[in-house]
Amino acid sequence: MSIKNKRTVIIILLIIAIGAACAVWGASLISKQNSQNPQPTESTTQSEEISYDDLDALLSNQPMCVNGVQYFYKGGEKKLDYDAMGATVLNNSDVKIKSFVIAFCAFDVDGKPIKIKQPTDKNDGAYIRTVSYDMIKMNKNSLLEPQQTFDNIIFYVNDEPQIVTIKACIKGYESSDKVTWTNPYYETFKQLYAGQTLKTETESQSSVSQSAPAT
C-alpha cells in the first residue's frame, strides 16, 4: 500500500473514532440530564382521581374510622331537644384513644350539599363541621380501647333543610400516651364532599338510617 493510501486510511479511521467518541459523549450527557431531570410519567402527571367507594375503603381501614352514621329526629327514643346527626366510631389501632376529632358533611334528598348549622349558631353554618370528643368526659372516664366502638356521638342540627345523607370521617386522634395521628385522607374527604353535590353515578352514597320522627 502506498504512503498516500495509508494516510487516507488513517484519516478515515480517525474520523470514525472521533465520531464514535462524540456519540458516546452525547449519550452519556443525555443520560446524566435524564437522571437529574426525570421525565414525568403518566402516574405523576395525571392527578389521581378517587371515587366514593375508593375513599370509603381507605377510610374504613385506618387506625380509627367511622363505621356508622344516623339521623335522629327531635324527641324520638333519645328524647333529644333538637334534630341531630349521630355516628359510631371504631378504634382499629393498638393504642388507647383519649380524644378524637370527627368531621361531618350533609346532603339533601337530591344530593346537594347542606350547610350544617346548629340551633345555637349565629352564622349560616358550614359545609363541613368538625367536632372534638374527649373520651374521659364523654365515656365515664373510660378510654376507647383497641377494637372498641363508641356510638354516643350526637351533633345537634337545624331541621331545615332536611338532611338525608351524611358523610363522616375521623380527622385525627390522640392516644393516652399522647401519640397523635392525623388522617392523611382528610383533605381528600373535604375536597370530595364539602360543598359538593353527590354524583349519582356512585352506588355507595351513605344514605343515613332514619329514626322515626316523634309523633
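The values are calculated or read from the model by the stated rules, or taken from the named source; none is laboratory data. None of the values given here were measured: they were computed from a predicted structure. All Cβ positions, glycine included, derive from the backbone under ideal geometry; neighbour counts span all protein chains shown. The area values use the complete protein model at the heavy-atom level, side chains included, leaving out ligands, DNA and RNA. Shrake-Rupley method; radii C 1.70, N 1.55, O 1.52, S 1.80 Å.
Restricting the stretch 188-207 to residues that are of a type outside the set (D, E) and at pLDDT below 50, the residue that is most open to solvent (accessible area, probe 1.4 Å) is S207. With the condition kept exactly as written, say whether any residue in the stretch 158-171 is in contact with a Pro (Cβ under 6 Å, 6 or more places away or on another chain), modelled with pLDDT of 95 or more and open to solvent by 40 Å² or more (accessible area, probe 1.4 Å). The answer is no; no qualifying residue exists. Scanning the stretch 83-95 for residues that are part of a loop (DSSP other than H, G, I, E, B) and surrounded by fewer than 17 Cβ atoms within 10 Å (Cβ to Cβ) yields N92, D94. Residues of the stretch 53-82 that are open to solvent by less than 30 Å² (accessible area, probe 1.4 Å) and under 20 Å from K171 (Cβ atoms): L55, L59, Q62, M64, C65, G68. Filtered by the rule that a residue be open to solvent by 40 Å² or more (accessible area, probe 1.4 Å), at negative phi and not in a strand (DSSP E or B), the stretch 172-187 gives S176, D177, V179, P184, Y185, E187.
Within the stretch 100-122, residues that are in contact (Cβ under 8 Å) with a residue 60 or more places away in the chain have Cβ atoms under 6 Å from residues that are among the charged types (D, E, K, R) in these pairs: V101/K171; A103/K171; F104/R129; C105/K167, counting only partners at least 6 apart in sequence or on another chain.
Residues in the stretch 105-157 that are of a type in the set (G, A, S) and either farther than 25 Å from Q196 by Cβ or more than 21 Å from the chain's Cα centre (by Cα) (or both): G125, S142.
Among the residues of the stretch 64-88, those identified as within 22 Å of D121 (Cβ to Cβ) and in contact with a Phe, Trp or Tyr (Cβ under 7 Å, 6 or more places away or on another chain) are K74, K78, L80, Y82, D83, A84, M85, G86.
Note on the stretch 53-82: residues that are outside any loop (DSSP other than H, G, I, E, B) and at pLDDT below 90 amount to 1.
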